[in-house]
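Enquirer: A single structure is presented below for examination.
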Amino acid sequence: MTSGDARESHIIDFKRQLGTSDRERAEIAADLASFAIDGGCLIIGVEESQKDVFALFPVPLEGVVERIEQIAANRLRPALDIRPQAVRSDADGSHGYVVIDIPMSGSRLHMVSGRYYGRGEKTRRRLDDAEVYRLMRERTGAARHTLDALGEELARNPANGSRARLLGAVEPLYAPAGFARQLVREDPKTILAITQRAESFVPAELSAFSPQLGELHRVERRARGIARTNLDEGRTISAEDPWKQEVASDIEIQVSGAARFLASRVVYEADVHRIGPSLIIMDESVAAWSYRLVGAACALAERLEYRGQWGLGIHVYGLAGSRAYREDRFYRGQSPVYNEDTFQQITTASFAELSEQPHVVVERLVGDLIHALGTQGKYPMIYPD
């Protein structure tokens with residue numbers, strides 16, 4: 001800022017102060033709504049001393065973050081999730097600046113006083129009806145994009161293997177084509193770092209359920225990117241190796257910035273007390289791999305410096321007639337029989353959600369399955385008391 005090279009743009013704007021009047025707060029609300037379309041940053045405490053020349057203008061910090069959060073919650077419809085941070089001035093700690101990180105808002109547009117706003121090259125502008133319709137169609141299409149990705153994974157699901165599998169898809173929803181090409185062309189071991197970062201999201205009490213990340217012992221180049229896998233070359237599974245069929249798993253990072261997941265051994269046969277031979281769904285494994293999806297999205301967002309929305313989806317098949325194992329004084333290992341063959345769920349998440357609230361995103365992915373199985377008690381990290 002002191003060097004005079006600060007510039008407003010499509011993704012950054014400066015404001016001298018928050019203001020106290022209703023009109024000034026409405027202006028801030030409109031700015032927040034306009035940034036929510038593509039994501040951006042609003043900085044309060046910077047004045048334009050002359051055209052395109054900006055200087056620091058420290059503002060009183062007491063209560064300012066709370067007032068900004070109130071504007072985002074009460075003046076926008078629907079409310080907007082933002083992350084304002086106060087930065088204290090070196091000269092006076094009671095004054096400083098507020099940096100408001102506004103993530104791309106995914107499937108929603110935000111209205112202020114009955115109007116929608118967007119960003120031009122440097123300034124806010126009101127959107128006409130045609131632009132609102134186009135943007136809403138694009139965001140509706142984002143959900144279809146994740147569903148299509150799951151459909152592709154079903155179509156290329158390797159033959160042979162266990163009767164039940166989990167397939168997963170992670171998509172940067174508004175990234176340009178070839179977004180991660182340079183990343184996947186780096187040292188092939190780059191995927192080890194990304195998957196280890198993803199593994200750090202898995203709660204310790206879930207990480208031991210097979211197939212584990214450590215069982216994916218090989219790195220392989222692919223037509224679409226690069227993979228960490230225990231499949232045979234060419235993404236195949238040998239019909240002559242029953243154990244490999246049982247634990248077949250794969251994580252693939254694609255040049256688009258997307259990630260694809262395959263995990264076997266979701267259901268197994270066991271003799272359950274007071275019931276007899278049963279199909280047991282390893283819901284802990286499904287939850288663990290859901291955490292890996294969320295972690296991979298966050299790891300890719302960090303490496304690619306992408307702060308837009310992500311689409312995440314899982315598809316689990318082979319579930320019909322299975323039940324989760326529960327051992328408590330009421331159920332003695334019994335839980336409801338799952339009456340559908342498949343479970344599928346998609347959601348969207350911002351970088352802030354992925355990095356700060358991964359349990360919330362995982363609940364959106366697998367919460368319906370956990371509820372149907374009656375196993376919420378296994379997951380205090382998702383359902384705290």
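Enquirer: Answer with yes or no whether Met111 is modelled with pLDDT under 90, surrounded by 13 or more Cβ atoms within 10 Å (Cβ to Cβ) and of a type in the set (A, V, I, L, M, F, W, C).
Expert: Details: modelled with pLDDT under 90: no; surrounded by 13 or more Cβ atoms within 10 Å (Cβ to Cβ): yes; of a type in the set (A, V, I, L, M, F, W, C): yes.
Judged against the criteria, Met111 is not a match.
Enquirer: Hey, any hits in segment 117-124 for a residue that's surrounded by 16 or more Cβ atoms within 10 Å (Cβ to Cβ), in a loop (DSSP other than H, G, I, E, B) and over 24 Å from the mean Cα position of the chain (by Cα)?
Expert: No.
Enquirer: Still on this model: Taking segment 179-205 on its own, how many of its residues are under 20 Å from Leu312 (Cα atoms), outside any helix (DSSP H, G or I) and modelled with pLDDT of 90 or more?
Expert: So the count comes out to 5.
Enquirer: Tally the residues that are in contact with a strand residue (DSSP E or B) (Cβ under 8 Å, 6 or more places away or on another chain), part of a helix (DSSP H, G or I), in contact (Cβ under 8 Å) with a residue 24 or more places away in the chain and farther than 20 Å from Arg126 by Cα, restricting the search to segment 34-73.
Expert: 3
Enquirer: Okay, moving on. Would you point out the residue of segment 72-108, among those that are modelled with pLDDT of 90 or more and hydroxyl-bearing (Ser, Thr, Tyr), that is farthest from Gly39 (Cα to Cα)?
Expert: Ser94
Enquirer: Does at least one position in segment 283-296 carry a residue that is closer than 20 Å to Ala155 by Cβ, in the same structural domain as Phe351 (by TED's automatic domain parsing) and either assigned to a strand (DSSP E or B) or polar (S, T, N, Q) (or both)?
Expert: no
Enquirer: Same structure again: List pairs: first residue in segment 74-95 and assigned by TED's automatic domain parsing to the domain that holds Pro60, second residue among the aromatic types (Phe, Trp, Tyr) and surrounded by 15 or more Cβ atoms within 10 Å (Cβ to Cβ) anywhere in the structure, Cβ distance under 7 angstrom, at least six positions apart or on different chains.
Expert: Val87/Tyr97
Enquirer: So how many residues does segment 77-90 have that are within 17 Å of Cys41 (Cα to Cα), in a loop (DSSP other than H, G, I, E, B) and among the aliphatic types (A, V, I, L, M)?
Expert: Filtering segment 77-90 for residues within 17 Å of Cys41 (Cα to Cα) gives 80-87.
After this cut, where a residue has to be in a loop (DSSP other than H, G, I, E, B) as well, the list is 80-82.
After this cut, where a residue has to be among the aliphatic types (A, V, I, L, M) as well, the list is 80, 82.
Summing the residues that are within 17 Å of Cys41 (Cα to Cα), in a loop (DSSP other than H, G, I, E, B) and among the aliphatic types (A, V, I, L, M) in segment 77-90 gives 2.
Enquirer: Counting just the residues of segment 208-242 that are loosely packed, with under 12 Cβ neighbours inside 10 Å and part of a loop (DSSP other than H, G, I, E, B), which one comes out farthest from the chain's Cα centre (by Cα)?
Expert: Residue satisfying both the conditions and the ranking: Glu240.
Enquirer: If the Cβ limit is 9 Å and pairs must be 6+ apart or interchain, which residue in segment 368-385 that is on the phi < 0 side of the Ramachandran plot pairs with which residue that is of a type in the set (Lys, Arg)?
Expert: Matching pairs, first to second residue: Ile370/Lys378; Leu373/Arg323; Leu373/Arg326; Thr375/Arg326; Gly377/Arg326; Lys378/Arg326.
The values are calculated or read from the model by the stated rules, or taken from the named source; none is laboratory data. It should be emphasised that the depicted structure is a prediction, and the values quoted were computed from it without experimental measurement. Note: ideal-geometry Cβ built from the backbone for every residue, glycine included; neighbour counts use all protein chains shown.
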